[in-house]
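This report refers to the structure that appears directly beneath it.
The values are calculated or read from the model by the stated rules, or taken from the named source; none is laboratory data. Everything numeric here is computed off the predicted structure, so don't read it as measured data. Here Cβ is always computed from backbone atoms with ideal geometry, including for glycine, and neighbour counts include all displayed protein chains. Accessible surface is based on the protein model in full, side chains and every heavy atom, while ligands, DNA and RNA are left aside. Shrake-Rupley method; radii C 1.70, N 1.55, O 1.52, S 1.80 Å.
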Amino acid sequence: MAAVAAASLVGGVLLSTADESAAAPPSTYAVKGIDTSHHNHDATGEPIDWKRVAESNSFAFLKATQGTGYQDPWFARDLAAVSGTGMLRAPYHFFDPESTTDGGAQADHFIRTARAAGYTGQQEGELPPVLDVETCPDTFRAEQLTAFLDRVEAEFDVTPVVYTRASFVNECMSGDGGVFKGHPLWLARYESGANEPQDVPGAGAWSLWQYTETEEIPGLPGSGGAVGKGDRNVFRGTPDELRGLGRGGATPTDSPQQPGPGTSWPTLKQGAQGVDVTTAQLLLAAHGHATTADGVFGTGTTAKVRSFQKAEGLDADGVVGPATWSKLAVTLKQGARGEAVKALQRQLAAHGHDITADGAFGTGTTAEVKAFQKAEGLDADGVVGPATWTALVGADVTG
């Protein structure tokens, strides 16, 4: 997407200036992908070597259209080539209103172009279509987005992904991103280390993170035979969870996050005590809603739970049930750091594993995670995803 509106991206317009919650850097996320447009071809006029790109990327988003008339000249060729690899893929539309009422017309243009190239939204390997919203001309109206999203969702029978940013919602939508609620969010933040993109007001946290526009990506054509540079992204979840986005539009914290066989998320509310409360408190802190991790669910924790639920578009009842756990739990692997890792380590200790809650996911933590997974009959890969979290929390342990 950086290539779509290079001036604004290079100038930093896409990047939020508000405080972001510190979590894990992009390198700790296992599922990576790219997004492309004609800009990735312009310097050389050469095609992308998608088979080579697929060696280090799991997914690709391809620019299809812009406004009511523009079609990316490389879209159809790139979609066909990507479809011949094992990569997941989908088209995106750059929202560029020419009038105050052309949201539906933009949707129709996008639908025609995507279908002509063979995209249906339902084939194996297809991800949901994407609406890219990042410019705010005088002709922009929020209701245009509703018209676009509703028409595209009805056509492809899948919930579209939305590429935007919190600052755009604050500046152009009066701080109300409710039109994006329920849509997987793809947000940009570059060169930020472990600072993730800021939550979108009224819509929640990111599912996909575009963390750079200048990474060398083998397979992209570059001038003079060099490796080309482009946009790189991570997905917050497992490959199966990403694949699940294309089966009815589930977000990484929807159906893929539901408890596995024999496990269930506990329900915690004011007055509860124990290691699960500590886990919830540390995960709240990991999402920027810090509270004392003392294992006691008091009024302070209730207030933080409600603020987190409100930010995620949940019923702000202050009770940590399955829906809230699903939003709190984050996938962790070796190299991750922070409060979420401490939550994991405290749970492992409560389950009898010899581990210190230092917030660093090193080789020792990996070994204990694998041992726990093996004992629970899980895939012992050392990665703490939904199945491992649901096996950890809610068990009859003390902390």
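Along the range 47-58 the Karplus relation, 6.51 cos²θ - 1.76 cosθ + 1.60 evaluated at θ = phi - 60°, assigns HN-Hα couplings of x, 7, 7, 5, 5, 6, 4, 5, 5, 10, 9, 9 Hz to successive residues, with x for each Gly and Pro. The region of the chain that goes longest without hitting one of the GluC sites (Glu not before Pro) in a DSSP loop, each with at most 15 other Cβ atoms within 10 Å, is 192-399. With each label modelled as a point 7 angstrom along the Cα→C-beta vector, the residue 51-residue 227 pair spans 1.9 nm. For the chain, carbon and sulfur atoms together expose 47% of the accessible surface, with a 1.4 angstrom probe and every protein chain in place. Applied to the range 211-218, the Karplus parametrisation 6.51 cos²θ - 1.76 cosθ + 1.60 on θ = phi - 60° returns per-residue 3J(HN,Hα) values of 9, 7, 10, 10, 8, 5, 10, x Hz, with x for Gly and Pro. Remark: the range 76-218 carries 35 Å² of accessible area per residue (probe radius 1.4 Å; ligands, DNA and RNA excluded).
In terms of overall dimensions, the chain has a Cα radius of gyration and Dmax of 21.3, 66 angstrom.
Report summary: the helix-based calculation at 222 nm, which adds -39500 (n - 2.57) for every DSSP H run with n ≥ 4 and divides by the residues of the chain, gives -9000 deg cm²/dmol. Within the straight-line cut-off of under 26 Å between alpha carbons, the lysines reachable from residue 63 are 32, 51, 181, 229, sequence neighbours fewer than 8 places apart in one chain being disregarded.
Restricting to bridges with both residues inside the chain, how much of the DSSP beta-bridge set is antiparallel, in percent to the nearest 5? Can you show the working numbers first?
Details: 20 of 44 bridges.
Given both bridge residues lie in the chain, the antiparallel proportion sits at roughly 45 percent.
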